[in-house]
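The values are calculated or read from the model by the stated rules, or taken from the named source; none is laboratory data. Just so you know, these numbers come straight off a predicted model, no measurement behind them. Virtual Cβ from ideal backbone geometry, glycine too; neighbours counted across all protein chains shown. Side chains are part of the model used for accessible areas, which takes the heavy atoms of the whole protein and leaves out ligands, DNA and RNA. Shrake-Rupley method; radii C 1.70, N 1.55, O 1.52, S 1.80 Å.
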Amino acid sequence: MGLQRRNFLRLSASTAALFSGINVIKASSLTDSSIFDNLQNITADAVPITVEERKQRIAKAQRLMAENKIQALILDSGTSLMYFTNIRWGASERTMVAIIPAKGDVKYVCPAFEADRFRELLTIGSEVKTWEEHESPYKLIVDVLKGYGITGGNVGIEERVRFFVYDGIRKEAPGINFISGDPVTIPCRMIKSSAELALMQKANDITLAAIKTATDNLKEGMTNAELSSFISEAHRKLGGTPGGALVNIAESSALPHGSIKPVQIKNGDIVLMDCGCSVHGYTSDITRTVVFGATPTKRQRDTWDLEKKAQAAGFAAAKLGAPCENVDMASRKVLTDAGYGPGYKLPGLPHRTGHGIGMDGHEWGNMVLGNKKLLEPGMCFSIEPMIVLPGEFGIRLEDCVYMTETGPKWFTQPSLSIDKPFGAA
């Protein structure tokens, strides 16, 4: 799978233009609508996943089912349903599932009154079995399995299948052994194609541009909620679907996922922005930490520099064939050698160093102690070894990586320094 770095995995020209000039962290009015007027949608060249690629995904899933002696895979509403079929369906008490057999075509079970609307969404498979309001969808699902010739053996349940759906099916088919579908879905979704990487690259381009726009326009007195809304609007203007903008200011930056308390930016405050968006279903996740309006203190600068060193150590440890845990161990060693920790103890790094990413912001492939999964081309994950100083501040630098046949590549270039947070030399 050709995962060498290509032109489509670089910043688009329109995005790169946003990073020209000096990275000065300054205050200016956020009520000036021209700030957003200057942002242009950069997703015109973003190509959605094709029907042909989804068919290839199903073929891979069927090969994995055969290897793992799984006769069919049942999908509920959620990301894996989108991954294989491109159907986005709201989860409700009315059961709708897709069934992928080890041999044969995908079939669906759907409420009868929803069937016409459901069929409008079909691009993979064509057969939809329907159930009326007084009928059992679970009996119908088992009938579909029987139609494939499945009356015993193993049937995989995807991890997002809700318990009441699984339980209803299980009771109708006591002769079938229902097992985890992870051996099928995880190897499919964890290894990204070039088309997936291109969409993730675009999402990362957008998020980095949105954070830079916000950073260039920080204003004293602005609250964390106001800054979060600003970043989300910048995402929209650039063509991404906002996925959330976590903003932590001053002492609240020491809380990895922030505080519910409103905080206003003051001169000299740490401002931590952890943000993401999606493009055609594929996500980004970037964190930048800056100091607003003043020269950083020695403690702020030293902590920031140590964080950058820890992030770089994690990247250096991300070698093909090495276990995922090595990334965490390498980043954490930088911090423990500097007197932080050990382990998750504070002051220090209270969480894993990174997480997998793709259609979901957090997927399999965590960079955490104990994960022996070997790194291979197509895997994507964050590297974000946060330093938490309780009662003072926190520093997190987060960029995501994709593995190629020659090793790891950044989706976005890490910050150069606390004074130059956006990679411009």
Residue set Thr50, Thr130, Thr123, Thr43; condition more than 30 Å from Thr213 (Cβ to Cβ) and either open to solvent by less than 10 Å² (accessible area, probe 1.4 Å) or in contact with a strand residue (DSSP E or B) (Cβ under 8 Å, 6 or more places away or on another chain) (or both); output residue Thr130
When Gly181 is run through (1) closer than 23 Å to Gly90 by Cα; (2) free of Cβ contacts under 8 Å to residues at least 60 places away in the same chain, the failure sits at (2)
Test: residue in segment 211-219 that is part of a strand (DSSP E or B), open to solvent by less than 30 Å² (accessible area, probe 1.4 Å), in contact with a strand residue (DSSP E or B) (Cβ under 9 Å, 6 or more places away or on another chain) and modelled with pLDDT of 95 or more = yes
Pairing a residue in segment 384-406 that is among the polar types (S, T, N, Q) and part of a strand (DSSP E or B) with any residue that is at pLDDT 95 or above and surrounded by fewer than 24 Cβ atoms within 10 Å (Cβ to Cβ), where Cβ atoms lie under 8 Å and the two sit 6 or more apart in sequence or on different chains, gives Thr404/Pro377
Among the residues of segment 137-152, the number that are open to solvent by less than 70 Å² (accessible area, probe 1.4 Å), farther than 25 Å from Glu114 by Cα and without any contact (Cβ under 8 Å) to a residue 40 or more places away in the chain is 2
- prompt: Is it true that Ile70 is modelled with pLDDT of 95 or more, surrounded by 19 or more Cβ atoms within 10 Å (Cβ to Cβ), in contact with an Asp or Glu (Cβ under 8 Å, 6 or more places away or on another chain) and over 20 Å from Phe118 (Cβ atoms)?
  reply: no
Those residues of segment 339-368 that are assigned to a loop (DSSP other than H, G, I, E, B), buried (at least 16 other Cβ atoms within 10 Å of the Cβ) and either among the hydrophobic types (A, V, I, L, M, F, W, C) or touching a residue at least 12 places away in the same chain (Cβ under 8 Å) (or both) come to a total of 13
Filtering segment 189-210 for residues that are of a type outside the set (A, V, I, L, M) and open to solvent by 20 Å² or more (accessible area, probe 1.4 Å) leaves a count of 2
Of the residues in segment 97-120 that are over 22 Å from Tyr166 (Cβ atoms) and of a type in the set (Lys, Arg), the one that is most open to solvent (accessible area, probe 1.4 Å) is Lys103
Per the filter on segment 110-155, residues closer than 17 Å to Thr85 by Cβ and of a type in the set (Gly, Ala, Ser) are Ala115, Gly125, Ser126
When segment 227-262 is checked residue by residue, the ones that are open to solvent by 30 Å² or more (accessible area, probe 1.4 Å), touching a residue at least 40 places away in the same chain (Cβ under 8 Å) and not in a strand (DSSP E or B) are Glu233, Lys237, Glu251, Leu255, Pro256
Inside segment 392-410, the number of residues satisfying the requirement of being open to solvent by 10 Å² or more (accessible area, probe 1.4 Å) and either of a type in the set (Val, Ile, Thr) or modelled with pLDDT under 95 (or both) is 1
The one condition Ala294 fails out of (1) surrounded by fewer than 20 Cβ atoms within 10 Å (Cβ to Cβ); (2) among the aliphatic types (A, V, I, L, M); (3) part of a helix (DSSP H, G or I) is (3)
Restricting segment 299-322 to residues that are farther than 26 Å from Thr213 by Cα and open to solvent by 30 Å² or more (accessible area, probe 1.4 Å), the one nearest to the chain's Cα centre (by Cα) turns out to be Phe315
Within segment 153-188, residues within 15 Å of Met96 (Cα to Cα), open to solvent by 20 Å² or more (accessible area, probe 1.4 Å) and outside any loop (DSSP other than H, G, I, E, B) come out as Ile157, Phe163, Phe164, Tyr166, Asp167
Is it the case that segment 379-391 has a residue that's in contact with a Ser or Thr (Cβ under 9 Å, 6 or more places away or on another chain), surrounded by 24 or more Cβ atoms within 10 Å (Cβ to Cβ) and of a type in the set (S, T, N, Q)?
-> yes
